[in-house]
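Student: I'd like to ask some things about the structure below.
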Amino acid sequence: TLAASLSVALENARLVAETRQRADDLTIVNEVGQAAAAQLDLGRLMPLVGDKMRQTFDADIVYVALYDSDTGVISFPYYAEDGQPIPTPDIQFGEGLTSRIIAGRETLLLNQGWQFESLGKARVGKHAKSYLGVPIMFGDNPIGVISVQSSTSEGRFGDADVRLLSTIASSIGAAIQSARLYSESQRRASE
């Protein structure tokens, strides 16, 4: 009887912890969504999103990459290592892990060193031991990638992190597209 009661108590504690984690995740998604909806300037939106990802995932490397399908160029409006923004040059589609995520339109989770080596892709910046990257979609089209990374520990990201980052990426896809359209309309108006 005591063992059965203990088993029920442990299960209840696990369910309470899981419920709290989901509530925290929803709060984060809501905060990012509100910030994204309120910001039409892409130059201001990217640091908001990137900084929130760095805090949320306690990642020492974070980037937001945007893909221009017309030119085949991937730009990095937000790239930070150890909390410091680092200007990062554009790359051509086909280079790096970001291109792989865009082409496949799926999440890429690498938690062990051998996984990086097996891909044979060149890496930009500080080398990570754990990498999580998800596509940013607008409709059926990939428009970018959000990535959080750890350069200090392997096995850093799991299924819950994949779900949370994917949810955040899907919530900011429309905001990024709106900011792009706003920027284009501002450019045309000034011309």
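The values are calculated or read from the model by the stated rules, or taken from the named source; none is laboratory data. Small disclaimer: the values here were computed from a predicted structure and weren't measured. Note that each Cβ is placed from the backbone with ideal geometry, even for glycine, and that neighbours are counted across all protein chains shown. Surface accessibility is based on the protein's heavy atoms, side chains included, excluding ligands, DNA and RNA. Shrake-Rupley method; radii C 1.70, N 1.55, O 1.52, S 1.80 Å.
Student: Please go through segment 134-176 and pick out each residue that is open to solvent by 30 Å² or more (accessible area, probe 1.4 Å) and without any contact (Cβ under 8 Å) to a residue 12 or more places away in the chain.
Tutor: 139, 140, 159
Student: Follow-up question, since we're still on this one. Checking the structure you have, find out if any residue of segment 86-94 is more than 27 Å from residue 158 (Cβ to Cβ), open to solvent by less than 30 Å² (accessible area, probe 1.4 Å) and of a type in the set (A, V, I, L, M).
Tutor: Yes, that holds for at least one residue.
The rows are residues; the columns are (1) of a type in the set (A, V, I, L, M, F, W, C); (2) modelled with pLDDT under 90; (3) farther than 17 Å from residue 136 by Cβ.
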residue: 29; (1), (2), (3): yes, yes, no
residue: 34; (1), (2), (3): no, yes, yes
residue: 42; (1), (2), (3): yes, yes, no
residue: 49; (1), (2), (3): yes, yes, no
residue: 55; (1), (2), (3): no, yes, yes
residue: 63; (1), (2), (3): no, no, no
residue: 67; (1), (2), (3): no, no, no
residue: 78; (1), (2), (3): no, no, no
residue: 83; (1), (2), (3): no, yes, yes
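Student: Working carefully through the options 23, 13, find the one that is in a helix (DSSP H, G or I), aliphatic (A, V, I, L, M), farther than 30 Å from residue 76 by Cβ and at pLDDT below 80. Break it down into steps so the answer makes sense when it comes.
Tutor: Working: 13 fails: at pLDDT below 80.
23 is the lone residue from the list that is in a helix (DSSP H, G or I), aliphatic (A, V, I, L, M), farther than 30 Å from residue 76 by Cβ and at pLDDT below 80.
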